[in-house]
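Trainee: Sharing a structure below in structure tokens format, with a few things to ask.
Please treat every number below as a calculation from the coordinates, not as lab data. Computed from a predicted model, the values in this text were never measured in an experiment. When we count neighbours, we look across all protein chains shown, and the Cβ atoms used for this are built from the backbone with ideal geometry, even at glycine.
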Amino acid sequence: MGFHEEIQEAIKILESKLNIRAGFLDTLLKEDDWSFVIKSHALLETVISTLITDRVGYNRLLDIFARLEIGNKSYGKIAFIKDLELLNTDERRFISALAELRNLLIHNVSNIDFSFSEYIKNLDPNQKKNFISSFGYWYLDDKGKSTVDYGDKILAAPKETIWLSLKYILAICSLIIDTIKLEKETKQHKDKQLSLQEGIIEKYEKLNKT
């Protein structure tokens with residue numbers, strides 16, 4: 001299975017786990033720019049809440065984590081992600097940037113006609129640089145660097161870049177969630193084995209005493 005197929009499979013598993021309509025992520029690109037940002041953020045927020053809850057290991061906390069603001073670095077979901085070491089700096093930067101963009105759009109009804117092309121056009125050079133570093137996660141290597149300058153490509157296709165980066169990060173979350181599940185199942189199996197071993201030893205000792 002190739003890299004892209006692995007990502008697609010991880011997304012498929014994630015959508016199933018969260019009871020999200022199959023192919024939901026793929027349909028986001030067809031949304032207008034405002035809806036794309038809002039729905040992308042909602043999807044990411046749901047996944048992050050699940051990720052944190054699974055790592056903590058107490059499902060009753062899901063509703064509490066779901067209510068936390070995702071982007072607050074002091075007590076939001078992003079703070080838990082960092083302290084639990086679930087995602088790296090580049091991944092957290094993307095999450096924070098998407099949360100900021102979502103907040104910019106959601107609190108003013110006039111932004112319902114938001115357009116990425118107009119938004120990018122109105123950014124100053126420093127803001128464009130920040131946009132590239134925040135949303136260009138898809139183009140980074142495993143060391144968090146890009147061997148090629150994709151800046152112009154990212155600014156020319158911001159929506160597609162965010163979608164690709166989002167897809168990659170969601171796939172990573174899916175794999176982490178599966179890993180946590182496997183760790184729990186392995187521990188339960190070991191605990192069961194230990195209990196059986198202790199039972200056998202106890203019976204053996206009783207037999208020796210008779």
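Trainee: With Cβ to Cβ distances under 11 Å as the rule, what net charge do the other residues near residue 115 carry (K, R +1; D, E -1)?
Mentor: Within the 11 Å Cβ shell, the charges total -2.
Trainee: Quote the relative contact order of the stretch 3-184 in percent (integer), defining contacts as alpha-carbon pairs under 8 Å separated by 6+ residues.
Mentor: Normalised by residue count, the contact order of the stretch 3-184 is 30 percent.
Trainee: Pairs of alpha-carbon atoms within less than 8 angstrom and 6+ residues apart define the contacts here; what relative contact order does the stretch 68-147 have, in percent?
Mentor: Relative CO of the stretch 68-147 lands at 24 percent.
Trainee: Fewest to most neighbouring Cβ within 10 Å: what's the order for 53, 27?
Mentor: Ordered by Cβ neighbours within 10 Å, fewest first: 27, 53.
Trainee: What pairs from 17/121; 128/167; 12/82; 17/153; 82/128 go past 29 Å between their alpha carbons?
Mentor: 17/121; 17/153
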